[in-house]
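Single-structure report; data block below.
The values are calculated or read from the model by the stated rules, or taken from the named source; none is laboratory data. Computed from a prediction, not measured in an experiment: that's the story for all the values here. Neighbour counts run over all protein chains shown; Cβ positions are idealised from the backbone, glycine included.
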Amino acid sequence: MTDGNENQDKDIGLVPFLKALVGTEPGQIPISVLADDLGYTSENFIQRWIEGKSKVPLNRLPALAEIASHNLADLLPMWIEQEAEPELREELVKAAESCSPAWEMQLIHFARELYADGPGEWRDGTWLNAGGK
């Protein structure tokens, strides 16, 4: 007999993402294609992930993100949610959600450089600080 939490925990983490990603509808990836792209010879691994019976290994996450055309930073909170103990889950997911993908970090660094240089203006596609540099 279970207390009901077992089924509740099966639909967390990457499970909803995988359910939306994998299928036969337009825009979805067939399970056989995903299994092959991730280096599996059988669809059983992927099916178990979708059903919440097993967890996506961390070493498969970068390839899964690439196949799904998502940033790894988008999938990381979902992976952490599937791995974390229930009492730590919310706090760890919040921390992971604050991670920025590489392209966003470039913008942040650029903005910090602008701020560090002080007031200025854009002119002909170049930032000129108050000193005209």
Checklist outcome for this item: Result of the Cβ filter at 6 Å on region 68-82, keeping first residues that are under 12 Å from residue 95 (Cα atoms) and in a helix (DSSP H, G or I) and partners that are modelled with pLDDT under 85 and among the acidic types (Asp, Glu), at least 6 apart or interchain, is 77/97
Item to check | Filter result (out of contact with any Phe, Trp or Tyr (no Cβ under 7 Å at 6 or more places or on another chain), part of a helix (DSSP H, G or I) and surrounded by fewer than 16 Cβ atoms within 10 Å (Cβ to Cβ)) within region 49-59 | outcome: 59
Checklist entry - What are the residues in region 37-48 that are farther than 25 Å from residue 99 by Cα, part of a loop (DSSP other than H, G, I, E, B) and not acidic (Asp, Glu), if any? => result 39, 40, 41, 42
Item to check | From 81, 66, 87, residue being surrounded by fewer than 11 Cβ atoms within 10 Å (Cβ to Cβ), out of contact with any Leu (no Cβ under 6 Å at 6 or more places or on another chain) and assigned by TED's automatic domain parsing to the domain that holds residue 35 | outcome: 87
Checklist entry - How many of the residues making up region 54-69 are more than 18 Å from residue 33 (Cβ to Cβ) and of a type in the set (S, T, N, Q)? => result 2
